[in-house]
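The values are calculated or read from the model by the stated rules, or taken from the named source; none is laboratory data. Fair warning: this is a prediction, and the values are worked out from it, not measured in the lab. Neighbour counts run over all protein chains shown; Cβ positions are idealised from the backbone, glycine included. Ligands, DNA and RNA are stripped out before the accessible areas are found, and what is left, the full protein with its side chains, is counted by its heavy atoms. Shrake-Rupley method; radii C 1.70, N 1.55, O 1.52, S 1.80 Å.
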Amino acid sequence: MSFVTRFAPSPTGPLHLGHAYSAMLAHDMARTRSGTFLLRIEDIDQSRARPEWEAQIYDDLRWLGLAWPSQVLLQSENARAYGRALDTLWDHGLLYQCDCNRRDIRAAAQAPQEGAPLHGPDGVIYPGTCRMKHPRIGSRPKGVALRLDLGKALGKMDTTPTYAETGEHAGSHGIDAPERTIGDIVLARRDMGTSYHLSVVVDDAAQGITHVVRGADLAEATGIHVILQHLLGLPTPMYHHHKLIRDATGKRLAKRDDARAISKYRADGASPDDIRAMVGLPSLFQKNPQG
Ligand code: GLU
């Protein structure tokens, strides 16, 4: 079986130990399986992405000893593909325009009769305020937020899809009560014309990813991704959600935890093998006795 994986950082800050672990683990897995390790830059949020962070990512990854095919997928250059996927969902009547802001959503979700609001991977589960508000005829509206009508989407499927994991959570996984755990998520943000979930699903298929290796913090989003793959007729890869690297107090490393930035360790004289030892990966040399 072929093995194609990827590392998909957002260039919104320095790579820290957690990112390095994710990238090195995916790279090692590809190497031991004679597979391919690809790179994707997740820069749909152009208000936060910076070219200098992107350049630093390439530099840090090379320093760590990783190599990848020169064709890197930049999400900021792939808007047409996201638009096509949204058109497909719109044409199937599965999207609707949403005009709510965060405050509206919190207020509606906290209506006293509803009890405590339910939370999903994107925060409070959307209470459905705009579901019936706008007509879903004609072509897809642009420059507005579009949500997935999850109830309708699930109604179109014979069974709720499942997916398989390797690693710590190896086995087949179902998606538990999607209406309560996922809800009508935003697939096109007003400011970006797409969303993390939609772009990841479209790009994993476009890059031919067979194995998604990423942190356990993204395991919660996998149900959404698998549902979208089914709706869009795309293959479901194998998933491998790995442990998260934590600081000395047990807290997960934050995006901007500059103290653990790879560049900081480099400046302090650490070697790539020191970084490997810190996150519990074998030395580069140990794995490659021939080399
Ligand atoms: N861009 C995401 C991040 O930096 C990773 C997305 C993914 O691996 O699916 O957390």
Quiz item: Among the residues of the range 3-32, how many are more than 9 Å from the ligand (Cβ to nearest atom), hydroxyl-bearing (Ser, Thr, Tyr) and not in a helix (DSSP H, G or I)?
Solution: 1
Quiz item: What are the pairs, 6+ residues apart or on separate chains, where a residue within the range 27-55 that is closer than 16 Å to residue 203 by Cα has its Cβ under 6 Å from a residue that is among the polar types (S, T, N, Q) and in a loop (DSSP other than H, G, I, E, B)?
Solution: 38/207; 42/10; 44/194
Exercise. Run down 256, 260 and say which single residue is crowded, with 18+ Cβ neighbours inside 10 Å, modelled with pLDDT under 95 and at negative phi.
Key: 260
Quiz item: Of (1) of a type outside the set (A, V, I, L, M); (2) over 26 Å from residue 13 (Cβ atoms); (3) open to solvent by less than 40 Å² (accessible area, probe 1.4 Å); (4) part of a helix (DSSP H, G or I), residue 230 satisfies all except one. Which?
Solution: (3)
Quiz item: Hey, among the residues in the range 193-220 that are more than 11 Å from the ligand (Cβ to nearest atom) and over 13 Å from residue 85 (Cα atoms), which one's surrounded by the most Cβ atoms within 10 Å (Cβ to Cβ)?
Solution: 211
Exercise. Assess whether residue 68 counts as being of a type in the set (Phe, Trp, Tyr), within 16 Å of the ligand (Cβ to nearest atom) and not in a strand (DSSP E or B).
Key: yes
Quiz item: Of the residues that sit in the range 143-172 and are in contact (Cβ under 8 Å) with a residue 24 or more places away in the chain and in a strand (DSSP E or B), which one is farthest from residue 225 (Cα to Cα)?
Solution: 145
Exercise. Go through (1) within 16 Å of the ligand (Cβ to nearest atom); (2) in contact with a Cys (Cβ under 8 Å, 6 or more places away or on another chain); (3) among the hydrophobic types (A, V, I, L, M, F, W, C) one by one and return the number of the condition residue 130 breaks.
Key: (1)
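Listed here are the residues, each with its yes/no results for (1) of a type in the set (A, V, I, L, M, F, W, C); (2) open to solvent by 30 Å² or more (accessible area, probe 1.4 Å); (3) more than 21 Å from residue 92 (Cα to Cα).
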| site | (1), (2), (3) |
| --- | --- |
| 120 | no, no, yes |
| 125 | yes, no, yes |
| 132 | yes, yes, no |
| 136 | no, yes, no |
| 145 | yes, no, no |
| 148 | yes, no, no |
| 152 | no, yes, no |
